[in-house]
1. Kindly report the accessible area of segment 268-403 per residue (heavy atoms of protein chains, probe 1.4 Å, no ligands, DNA or RNA), in Å².
2. Using the Kyte-Doolittle scale, find the helices of the chain whose mean hydropathy is at least 0.5 and whose Cα atoms extend 27 Å or more along the helix's long axis, counting only whole DSSP H runs.
3. Under the classification rounded if a/c is under 1.5, otherwise prolate if a/b is larger than b/c and oblate if not, where does segment 1-62 fall, given a ≥ b ≥ c as square roots of the Cα gyration tensor eigenvalues?
4. With a 1.4 Å probe and every protein chain left in place, work out the accessible area per residue of segment 72-231 in Å², rounded to a whole number.
5. Cross-link candidates for LYS30: which lysines have Cα within less than 24 Å, leaving aside residues fewer than 8 places away along the same chain?
6. Below 23 Å, Cα to Cα, which lysines can LYS100 reach? Residues fewer than 8 away in the same chain don't count.
7. Return the calculated 222 nm mean residue ellipticity for the chain, to the nearest 500 deg cm²/dmol, obtained by summing -39500 (n - 2.57) across DSSP H runs with n ≥ 4 and dividing by the residue count.
8. Roll a 1.4 angstrom probe over the protein heavy atoms and tell me the percent of accessible area of segment 212-341 that is carbon or sulfur.
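The values are calculated or read from the model by the stated rules, or taken from the named source; none is laboratory data. These numbers come from a predicted model, not from an experiment. Here the Cβ positions follow ideal geometry from the backbone for every residue, glycine too, while neighbour counts run over all protein chains shown. Each accessible area value is taken on the protein alone, full model and side chains, heavy atoms only, with ligands, DNA and RNA left out. Shrake-Rupley method; radii C 1.70, N 1.55, O 1.52, S 1.80 Å.
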Amino acid sequence: MHHAMNTTELYLIAMLIIFSVPYLVWRGLKTDHYAPLVVVQIIGGILLGPGVLGAVFPAYYATVFNPQVVTALNGVAWWAVMIFVFVAGLELDLHEAWKKRGETSVTAGLALVTPLALGALAAVGLLQFPGWTGPEGQSWQVVLGIGMACAVTALPILILFMEKLDILRQPIGQRILRYASLDDVAIWGVLALILLDWERVGRQVGFLVGFAVAALAVRWLMKRLPEPDRWYVALIWLAGCGFAGDWSGLHFMVGAFLAGAVLDHRWFDQARMDLFRNHILLAVMPVFFLSTGLRTQWDVGGVAVFAAAAVLLVASVAGKLAGVHIAGRILKWEKGEASVIGWLLQTKALIMIIFANILLDKQIITNETFTALLLMAVGSTMLTIPMVKPQLARLSRLLSKTG
């Protein structure tokens, strides 16, 4: 007798696919040099989405990824990405950036503004054709959003890459963290500007005022709690800020980032923080990558989407490298430093995907624009390690000779 699988069984099949397929590809093809597991998981999400798996096996896709399963996956994905963005905000070290604010602001500013300008220029070209602006999006929001997506640096993935390259705790690694931290703040500030809703501006102002007061109270409380209790209170604070951010019309991820950014990372044990971030990446973020892949579409044509992604990738890479090289000339860096720093700041996956997800949620961009941005983020992130490794080796040799 035929047994129709229930939602729980289909959900668990989806989870089997989510965790097994990327891992087997990553291990089997030994992609770690150019595509760490997190990048393979993002690509896996795209391949498992409606544009690829859904097109090849529509009946199977519709059965496994039915609305009930997708809703359940989205619930896990929302909480996973809230925690991840919260940790990204918490890991910002603005104290160190403020101490060396001259050098940091010059580098971070040029590393942000140059790719933003080139990305915005590319976006203006895209908008000459239909299919890229969402039903709720205005041209300036789409142009600024795409430009900002080209300028993003993914701080959490940058930390993972620098750990892999063994430079995280070295002086150059700490410098790069300062630049990325300042750019991270700018990214969320620009996002808040894009999402500003004049019909709900009262709520948004109310949220920001209420958040400022609540943040002072939470900071006062955190200083007086033992370290184990701070983790639990931090999650309560995260849920509350996420709700308030979404209620105000911004987005729950804006609330999540702010929840982490106003806390001091020195209140939490660094080793536990690293473990916590890695466990989130291991246990629940793959569900977010899959739910992201389910949103990719190619309705304007696969060639058009890939062409848009290629143009945005060139704008992003060229803009970031040019901005950092200009900063290097102004600040008189050692030969080779600008290239290493520029390529590491090019790392985009996760934060850019989160950023683009928010624009898609708010219907500012279309699924096709989102897909092009996703491909651009994957491409730029995959370029990082292969480009940085030989340049970092040359720079180390040069510094050892001059030192």
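1. Values: 5110 Å² over 136 residues.
Using a 1.4 Å probe on heavy atoms only, each residue of segment 268-403 averages 38 Å².
2. On the way: long enough: 7-29 (33 Å, 1.38); 67-90 (34 Å, 1.67); 101-126 (36 Å, 1.23); 171-194 (35 Å, 0.92); 201-224 (35 Å, 1.00); 227-247 (30 Å, 0.25); 302-331 (43 Å, 1.81); 367-402 (51 Å, 0.57).
Helices passing the filter in the chain: 7-29, 67-90, 101-126, 171-194, 201-224, 302-331, 367-402.
3. On the way: a/c = 3.02, a/b = 1.91, b/c = 1.58.
Because a/c hits 1.5 or more and a/b exceeds b/c, segment 1-62 counts as prolate.
4. On the way: 7090 Å² over 160 residues.
For segment 72-231, the solvent-accessible area averages 44 Å² per residue.
5. Filter leaves LYS164, LYS348, LYS389.
6. LYS320, LYS332, LYS335
7. Values: 19 runs with 311 residues, N = 403.
About -25500 deg cm²/dmol.
8. Values: 4050 of 5870 Å².
Taking all protein chains in place, segment 212-341 shows 69 percent carbon and sulfur surface.
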